[in-house]
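What follows is calculated from the coordinates using simple rules that are stated; it is not laboratory data. Keep in mind that what you see is a predicted model, and the values were worked out from it rather than measured. FYI the Cβ positions are ideal-geometry reconstructions off the backbone, even for glycines, and counts take in every protein chain you see.
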Amino acid sequence: MTISKNLRDRLSDAESVCVLTGAGISAESGVPTFRGEQGLWKKFRPEELANVDAFMRNPDLVWEWYSYRRKVVSEVQPNPGHFAIVEMQNLIRDFTLVTQNVDNLHSRAGSRGVVELHGNITRNYCIRCRRPASEELVQKSDKVPVCSHCGGFIRPDVVWFGELLPPRAYEEAEDAAGRCDLFLCVGTSGVVYPAASLPQMAKEHGAFVLEINAEYTDLSPRVSETLIGKAGEILPLLVRVMKEERHHEQT
Ligand code: BJW
Ligand code: ZN
């Protein structure tokens, strides 16, 4: 992988960085992505599982699917891509990590203040009174559990199709995209909105938008540069360049 002089300069000069991640960053940890040949949506239909109508129609089925996925993420570990982002946060004064992932792997790697646009599969709440559900209730339930306060169904704290993103999180993401000088899109197909509008927003505000993905995506024609490869290999390389350049600046 060659890093152009231009990209080196962007990496060394960046003072405000926003990183947007998608399922691809966790692929190397063993978490399946959504789209593509090996993706979850090849085997399962999002309209049957990832919207509130599906949940109300068949809460046990949806609960079972999320229990399975909760188990998968609890059994894997963050990978070098997640850890590189932690290192990047330590180097950059104004740094925001925005993720579409619900797998909690960024926080487990040590990233601080992660902006979770689509929620977090490790949390659950009551659809009626909105109280969070206890870990114990969630762990022991093969079928959808009900709230111990009001009897409402418990659902995963994730954002389904047709639902609004947590407003505070989306605001933080928009602010970071609007003020950064370097925006990284990592491992996302860029087809789910409004998250997919953030790179464009950053670019319109003058940021250099760098995409890192295993393949070209819907975003590729609209970014400043795309690096094709594995996030777990490219991100550590970018951090190395950032460190070298910053070291030179100090000496
Ligand atoms: C690697 C790699 C490696 C692999 N290294 N790379 C028509 C037009 C426009 C918008 C809409 C529309 N109709 C409806 C909408 C809105 C809808 C939407 O965007 N739909 C489009 C799909 C058409 N959006 C919404 O509904 C959102 N809410 C909203 O808009 O509210 C306003 C509203 C209200 C009422 C009505 C209408 C609008 C909510 C979106 C919620 C998304 N939820 C999910 C599920 C979360 C819970 C769960 O996990 O089950 O979020 S869907 C799923 O997709 C998940 C992801 O976060 C999201 C994005 O996927 P991501 O991360 O990009 O993964 P993949 O699999 O797509 O891509 C992986 C990439 O990694 C690939 O590119 C690989 O190449 C790459 N890769 N290995 C680097 N090692
Ligand atoms: Zn309740």
Span from the region 206-238 Cα centroid across to the region 118-194 one, whole angstrom: 26 Å
On Cα atoms only, tilt of 80-91 relative to the major axis of the chain in degrees: 60 degrees
Whole-angstrom gap from region 83-116 to region 33-70, using each part's C-alpha centre: 26 Å
Counting DSSP beta bridges with both ends in the chain, the antiparallel % (nearest 5): 25 percent
Neighbourhood net charge (13 Å Cβ-Cβ; Lys/Arg +1, Asp/Glu -1) for Ala109: -1
Whole-number Å³ per residue for the convex hull built on Cα positions in the chain: 122 Å³
Between 0 and 90°, nearest 10: helix 231-250 axis offset from the chain longest Cα axis: 40 degrees
Principal-axis tilt of helix 167-179 within the chain, Cα atoms, nearest 10 degrees: 10 degrees
Neighbour-count ranking [beta-carbon atoms within 10 angstrom, fewest first] of His118, His248: His248, His118
Computed helical MRE - 222 nm, the chain, DSSP H runs ≥ 4 contributing -39500 (n - 2.57), nearest 500: -11500 deg cm²/dmol
Eligible lysines near Lys243 by straight Cα distance, threshold 18 Å, same-chain separation 8 or greater: Lys5
